[in-house]
Amino acid sequence: MQWIEILIKTTEDASDAICEMLAQLGADGIAVCDPYEIKRIIEDPESLAYADEGYVDSLGTDVVIRTYFAELDDGLIRMGAKSDEYIDPDGIGMIYDNITDKSMKADEAIEELKRRLDEIREYLDVGEGYISHRYVKDEDWANNWKADYKSFRISDRVVICPSWEDTEFDENDVVIRLDPGSAFGTGTHETTSMCAGFIDRYVRDMGDGKLLDLGTGSGILAIIASKLGANDVEAIDIDKLAVDVAIDNCEINGCRAIKCHTGELKDAYEPQYKMIIANIIADVIAAIVPDVKAHMTDDGVFICSGIINTKADRVRDALSKAGMTIVEEHEKNDWIAMVVKK
């Protein structure tokens with residue numbers, strides 16, 4: 001299989017909105033190079049990252065987004081729900097209710113993306129927007145992730161390290177070795193880091209309770225939870241490609257007990273969980289709130305993120321209607337994460 005790689009140059013203000021739009025279009029991968037975020041990481045005194053003099057300045061001022069869509073055997077670009085990759089293709093309609101569900105010719109796919117960029121441009125400075133596209137093979141795509149991916153601290157106790165990097169860490173650090181491959185979820189995004197912080201705090205009260213990572217992506221949050229002491233962890237994603245990557249990452253980290261499988265919430269192995277994690281998008285979170293509540297123990301915790309602040313009220317309303325209570329809420333660079341109880 002080969003992939004179409006679409007290059008977008010934008011502003012820091014618009015980058016998060018564009019990433020959410022790409023997720024709604026069903027992008028198979030999104031890679032972001034944000035010179036401002038890189039500079040913040042390098043200048044953080046606790047950061048493990050470093051850069052040669054002049055490196056950050058060489059990145060310029062544009063946020064560069066590379067997004068990937070699969071080209072099918074018939075030459076069409078796959079956008080939206082990818083039913084051929086799911087165990088239960090009839091059960092994914094709710095998840096993808098708000099995005100496309102079709103394949104397009106390359107020029108049509110580009111025009112659709114440009115149209116979505118123009119919609120964002122109505123309320124945010126998008127910058128140059130669409131720049132170009134090209135085709136890449138599987139092995140090229142996998143290697144593209146490595147260029148800007150270095151070790152970094154995601155929470156007080158947890159350090160994320162690429163599987164190919166040989167770095168020494170403090171003996172008290174919990175090190176997650178991660179190969180993001182083709183799955184979204186390297187840990188650098190604000191939504192993931194906020195989830196990791198919440199997991200670090202609330203997993204201490206898990207005991208023998210069961211944990212579900214819904215929309216696991218690369219498996220990063222499930223692995224973090226397991227490394228921090230969760231004994232019974234299950235990880236689900238509707239994308240078989242993501243599940244394959246998550247399984248590999250669990251193997252790398254010695255977390256073979258994590259149960260990774262393809263599906264959505266209704267396909268979960270257990271009737272109830274003491275912790276449910278969902279780092280997905282606001283529209284999906286709002287839609288599944290009643291089902292999440294039904295799958296929580298009475299003393300359970302729901303950690304949700306991937307919520308752009310412009311859609312946070314929709315999630316809050318859904319939680320309120322379900323009789324659930326937000327006990328903590330954090331915001332980072334326009335993204336929101338919540339801790340919710342019954």
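Assorted remarks:
- A search for C-beta distances below 8 Å between a residue of the range 65-93 that is closer than 26 Å to Leu265 by Cβ and any residue that is loosely packed, with under 13 Cβ neighbours inside 10 Å and at pLDDT below 50, counting only pairs 6+ apart in sequence or on different chains, returns Ala81/Gly93.
- Every residue from the range 249-260 that is in contact with a helix residue (DSSP H, G or I) (Cβ under 8 Å, 6 or more places away or on another chain) and in contact (Cβ under 8 Å) with a residue 60 or more places away in the chain: Asn249, Asn253
- Restricting Ile95, Ile99, Ile30, Ile110 to those that are modelled with pLDDT of 65 or more and under 19 Å from the mean Cα position of the chain (by Cα) reduces the list to Ile30.
- In the range 219-248, the residues that are closer than 23 Å to Ile281 by Cα and assigned by TED's automatic domain parsing to the domain that holds Asp173 reach residues that are part of a loop (DSSP other than H, G, I, E, B) and among the aliphatic types (A, V, I, L, M) with C-beta atoms within less than 6 angstrom, at least six apart or across chains, in these pairs: Ala222/Ile258; Val233/Ile258; Ala235/Ile258; Ile238/Ile92; Ile238/Ile95; Ala242/Ala183; Val245/Ala183.
- Among the conditions (1) crowded, with 21+ Cβ neighbours inside 10 Å; (2) touching a Leu at 6+ places or on another chain (Cβ under 7 Å), Cys304 misses just one, which is (2).
- Of the residues making up the range 237-284, those that are closer than 27 Å to Trp335 by Cα and among the polar types (S, T, N, Q) are Asn249, Thr262, Asn279.
- Any strands (runs of 3 or more DSSP E) falling wholly within the range 120-189 and containing at least 3 residues that are among the hydrophobic types (A, V, I, L, M, F, W, C) and at pLDDT 65 or above: 158-162, 174-178
The values are calculated or read from the model by the stated rules, or taken from the named source; none is laboratory data. Keep in mind that what you see is a predicted model, and the values were worked out from it rather than measured. Quick reminder, even Gly has a Cβ in these numbers, built from the backbone with ideal geometry, and neighbours come from all protein chains shown.
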